[in-house]
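Engineer: Below you'll find the structure I mean.
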Amino acid sequence: MFQKEVADRLVAQPKTENYGRLSIMAQSICDVNIEFHVNKKAFFPPPKVLSTIVIFRPKTKRYNANWKSLEQVTRAAFGQRRKMLRSSLKNFMFDFDVLNIDPKSRAQDLSVEQFWSLAIDLEQRINP
C-alpha cells in the first residue's frame, strides 16, 4: 500500500507529469499495476492522504547491464528535468544516433527500454 501520489509515480508512463526515476527503476524489474484505491473510511482515524494498493509482478526478462549504470543515467537525465538529453547527458558522450534516440528529447520522453539502451551503452564503454 502506497500513498496515491507515490502509486501514480510508480505506474507512470513516458511523456506524463508523474514519470521519473522511480517509474523507470520500478518498471525495469517489475510489471507495476494499481490494483485499487483504499477508502479513507477504512482507517481510524481517517488519514488526510489517499491510499492505493499496488501490485508488483517480477519480470522474467532482465536487461543486460549493471543496475548502477541505469541509476547513473537516470540520475543525470532527471537531475535537470527540463533540459534536453544532449545537455543533461553530455558527460557520458553518448552517440544518440547509434542508439536511435533524439538528443533534443527530454528525460520524460524516453521509455524504460531506451534508458536501458543508454545504460547498456555506458556499461559497454566502461567495461569493453
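Engineer: Could you please find all residues in segment 93-120 being in a helix (DSSP H, G or I) and either farther than 19 Å from Ser28 by Cβ or in contact with a helix residue (DSSP H, G or I) (Cβ under 6 Å, 6 or more places away or on another chain) (or both)?
Structural biologist: Matches in segment 93-120: Phe96, Asp97, Val98, Leu99, Ala107, Val112, Phe115, Ser117, Leu118, Ala119.
Engineer: How do the pairs read when you match residues in segment 62-89 that are touching a residue at least 12 places away in the same chain (Cβ under 8 Å) with residues anywhere that are in a helix (DSSP H, G or I) and of a type in the set (Ser, Thr, Tyr), using Cβ under 7 Å and keeping only pairs 6 or more apart or on different chains?
Structural biologist: Tyr63/Ser28; Leu70/Ser28; Ala76/Ser88; Ala77/Ser88
Engineer: Could you say whether any residue in segment 28-44 is within 17 Å of the chain's Cα centre (by Cα), surrounded by 17 or more Cβ atoms within 10 Å (Cβ to Cβ) and either among the aromatic types (Phe, Trp, Tyr) or in the same structural domain as Thr74 (by TED's automatic domain parsing) (or both)?
Structural biologist: Looking for residues that are within 17 Å of the chain's Cα centre (by Cα), surrounded by 17 or more Cβ atoms within 10 Å (Cβ to Cβ) and either among the aromatic types (Phe, Trp, Tyr) or in the same structural domain as Thr74 (by TED's automatic domain parsing) (or both), one finds none in segment 28-44, hence no.
Engineer: Are any residues in segment 83-92 among the hydrophobic types (A, V, I, L, M, F, W, C) and assigned to a helix (DSSP H, G or I), and if so, which ones?
Structural biologist: Within segment 83-92, Leu85, Phe92 qualify.
Engineer: Test Lys48 against the stated conditions and say whether it is farther than 16 Å from Phe115 by Cβ and touching a Leu at 6+ places or on another chain (Cβ under 6 Å).
Structural biologist: No.
Engineer: A further question on this structure: Given the criterion more than 13 Å from the chain's Cα centre (by Cα), assigned to a helix (DSSP H, G or I) and surrounded by fewer than 17 Cβ atoms within 10 Å (Cβ to Cβ), identify the matching residue among Lys48, Lys68.
Structural biologist: Among Lys48, Lys68, only Lys68 is more than 13 Å from the chain's Cα centre (by Cα), assigned to a helix (DSSP H, G or I) and surrounded by fewer than 17 Cβ atoms within 10 Å (Cβ to Cβ).
Engineer: Out of the residues in segment 80-128 that are surrounded by 15 or more Cβ atoms within 10 Å (Cβ to Cβ), among the charged types (D, E, K, R) and within 17 Å of the chain's Cα centre (by Cα), state the one that is modelled with the lowest pLDDT.
Structural biologist: Lys83
Engineer: Somewhere in segment 54-61, is a residue in contact (Cβ under 8 Å) with a residue 12 or more places away in the chain, within 16 Å of Gln114 (Cβ to Cβ), surrounded by fewer than 18 Cβ atoms within 10 Å (Cβ to Cβ) and of a type outside the set (D, E, K, R)?
Structural biologist: No: zero hits.
The values are calculated or read from the model by the stated rules, or taken from the named source; none is laboratory data. In this text, all values refer to a predicted model and were calculated from it rather than measured experimentally. Heads up, the Cβs are rebuilt from the backbone with ideal geometry, glycines too, and the neighbour counts pull from every protein chain shown.
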